[in-house]
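Remarks on the structure that follows.
The values are calculated or read from the model by the stated rules, or taken from the named source; none is laboratory data. What you are looking at is a predicted structure, and each value in this text was computed from that prediction instead of being measured. Glycine gets a Cβ as well: all are built from the backbone with ideal geometry, and neighbour counts include every protein chain shown.
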Amino acid sequence: MNLHLVDIGLILVYFMAVLLVGVYNTRSDSTSDYMLMGRKLTLPAFVMTLVSTWYGGILGVSEYSSTYGISNWVIFGLPYYVFGIVFAMLIAKKARALEVNSLPEILVSDYGKNAGRLASVWVLLLASPAPYILTLGLILNFFLGMNLVIAIITGAGFSLFYILNGGLTSVIKTDKLQFILMFAGFLVILIVLGGTYMSPIDLWHSLPETHTSLTGGQSFAYIVVWFFIGSWTMVDPGFHQRVYATTTQGIAKRGILWAVLFWFIFDLMTTLTGLYAFSFLPSETVPSQAFLVLGNAVLPIGLQGLFYVGILATVMSTLDSNTLVSGITLGKDILSTFPSFKSHSTHVLIKASMLIVIIIGIIMAIWMPSVIDLWYTFGTISIPALLMPTLFSIFKRPLTQRAVLLNLSIPPLASFLWFLFGKIDEWSYFLGLEPFYPGLFCSLIILMLFKNPQKEASQ
């Protein structure tokens, strides 16, 4: 794609701005400050970072909304509002009161180091930057015609650069900028589309039933499993990190409720953009590139650049956050717990771990080049392992150590094997059950068989 020099200039200015904001005066020498910004996260910053961090797989949204219409909102929006509100009302204050630095620490305090290490493996999978490395690589490939592998490596390296010294402080400062830009970008294209080409009402009447149906032509079982995957919110490591970093418990609760409102607004904007893409673009358009192609087709010089900056902002804000969380998980929650790494400071281990997770993320992005597939696979395997042990600990309803270790081992294995056998059989799952369900079923059975009534009664 040939971009005008003005649009290229806007994109370059964006990258320079992100670097300057992320690097300037953000050095964090304290490990605690590096991970949690000294627990000084204010309400506006908390809301902006929660919202901007949530949408890194924007090309996955492009793919799904242009292909299946408003079903995009049903599977990528509604479940997360529900679980976000539940988290805000029931969990946020309790989680903030724990005074922990990471999600695995919750399990370490109740069930020991082995439980923390196992939990960290699944947290690493949930927080993997792979989907967002892939997304940024696809965008650079589209803009510059760059080889996809080189584009993936370039994008990943850029994100790593500005967070190495500043940690969460750098991430939060850049997220404020990204929040403004992502909303501005999609607002611009919707104004142009609605004002110049076709109103949203006329667009709606022109759509086929598949795009106005809540299921989008997908099976009910497929839709429901995405609702369960929405429980990702309850154990999302980046989500927890932001809660731990807030100045007060009240900010943690109120901020999430405000974030849900902004999620809703942004979901409407991106889903509507996907519907326009379906109507305006040729059928041979690659769905994951629909937003990019649409911007090139309908926007004038200058506004094109602004729209693309908005797309880049949605990706970068999640990529840097997940890189940091993954680095903390590998460096602090896993490596620092082994005697052979005791001679190294936790700070150094976290920084080295960020480089490791970036390299692993690059490999995974090349191996599985679909954002939706990466989301689905990571969520299906990890959530059944983490969900129940984490919630039981937060609500002070301890389980036996055996129950927790089994829950962190058997459910993810069951989901993975179900997923693997389905892939071998050309995505035909046994009994028509999506892989998430066997994992969740195993988790519930373990809890029933190995819970500790005595400890629960003593609370």
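Name every residue in the stretch 161-192 that is at pLDDT below 95 and touching a Pro at 6+ places or on another chain (Cβ under 9 Å), in order of residue number.
Lys176
Going through the stretch 228-259 one residue at a time, which ones are closer than 13 Å to Leu41 by Cβ and either β-branched (Val, Ile, Thr) or touching a Cys at 6+ places or on another chain (Cβ under 7 Å) (or both)?
If the condition is that a residue be closer than 13 Å to Leu41 by Cβ and either β-branched (Val, Ile, Thr) or touching a Cys at 6+ places or on another chain (Cβ under 7 Å) (or both), then Val243, Thr246, Thr247, Thr248, Ile251, Ile256 are the ones that fit.
Answer yes or no: is there a residue in the stretch 307-325 that is touching a residue at least 24 places away in the same chain (Cβ under 8 Å), surrounded by fewer than 24 Cβ atoms within 10 Å (Cβ to Cβ) and over 25 Å from Tyr64 (Cα atoms).
No, every residue in the stretch 307-325 fails to be touching a residue at least 24 places away in the same chain (Cβ under 8 Å), surrounded by fewer than 24 Cβ atoms within 10 Å (Cβ to Cβ) and over 25 Å from Tyr64 (Cα atoms).
Identify, by number, the condition in (1) under 30 Å from Thr318 (Cβ atoms); (2) at pLDDT below 85; (3) in a helix (DSSP H, G or I) that Phe421 doesn't meet.
The one condition Phe421 does not meet is (1).
If Thr233 satisfies every condition in (1) within 16 Å of Leu50 (Cα to Cα); (2) surrounded by fewer than 19 Cβ atoms within 10 Å (Cβ to Cβ) but one, which is the exception?
That leaves (2) as the condition not met.
Under 9 Å between Cβ atoms, at least 6 apart or on separate chains: pull out the pairs that start in the stretch 138-160 with a residue that is farther than 21 Å from Asn2 by Cα and end on any residue that is surrounded by fewer than 20 Cβ atoms within 10 Å (Cβ to Cβ).
Hits for this filter: Ala156/Ile359; Phe158/Phe15; Phe158/Leu19; Leu160/Leu355.
With the structure loaded, tell me whether Pro384 is farther than 26 Å from Ala97 by Cβ and either crowded, with 22+ Cβ neighbours inside 10 Å or modelled with pLDDT under 85 (or both) or whether it fails that test.
Here the answer is yes, as Pro384 does meet what is asked.
Would you check if there is a residue in the stretch 272-295 being part of a helix (DSSP H, G or I) and farther than 30 Å from Thr196 by Cα?
The answer is no, given that none of the residues of the stretch 272-295 is part of a helix (DSSP H, G or I) and farther than 30 Å from Thr196 by Cα.
Here is a yes/no grid of residues against (1) in a helix (DSSP H, G or I); (2) at pLDDT below 80:
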| residue | (1), (2) |
| --- | --- |
| Ile362 | yes, no |
| Asp373 | yes, yes |
| Gly379 | yes, no |
| Pro398 | no, yes |
| Ala403 | yes, no |
| Ala414 | yes, no |
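Against the conditions (1) in contact with a strand residue (DSSP E or B) (Cβ under 8 Å, 6 or more places away or on another chain); (2) within 30 Å of Ala277 (Cα to Cα), where does Phe83 fall short? Just the number, please.
The number of the failed condition is (1).
Sort out which residues of the stretch 297-351 are within 26 Å of the chain's Cα centre (by Cα), more than 17 Å from Lys176 (Cα to Cα) and hydroxyl-bearing (Ser, Thr, Tyr), and write them in order of number.
Across the stretch 297-351, the qualifying residues are Tyr308, Thr323, Ser326, Thr329, Ser336, Thr346.
For the stretch 122-163, name all the residues that are under 20 Å from the mean Cα position of the chain (by Cα) and not in a helix (DSSP H, G or I).
Ala127, Ser128, Pro129
If you go through the stretch 1-13 one residue at a time, do you hit one that is within 23 Å of the chain's Cα centre (by Cα) and either over 29 Å from Asp236 (Cβ atoms) or not polar (S, T, N, Q) (or both)?
No: zero hits.
Every residue, every condition in (1) surrounded by 22 or more Cβ atoms within 10 Å (Cβ to Cβ); (2) touching a Ser or Thr at 6+ places or on another chain (Cβ under 8 Å), yes or no:
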| residue | (1), (2) |
| --- | --- |
| Lys113 | no, yes |
| Pro131 | yes, no |
| Phe158 | no, no |
| Asn165 | no, yes |
| Ile172 | yes, yes |
| Lys176 | no, yes |
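So, in the stretch 36-81, how many residues would count as being of a type in the set (Lys, Arg) and crowded, with 23+ Cβ neighbours inside 10 Å?
Number satisfying all stated conditions: 0.
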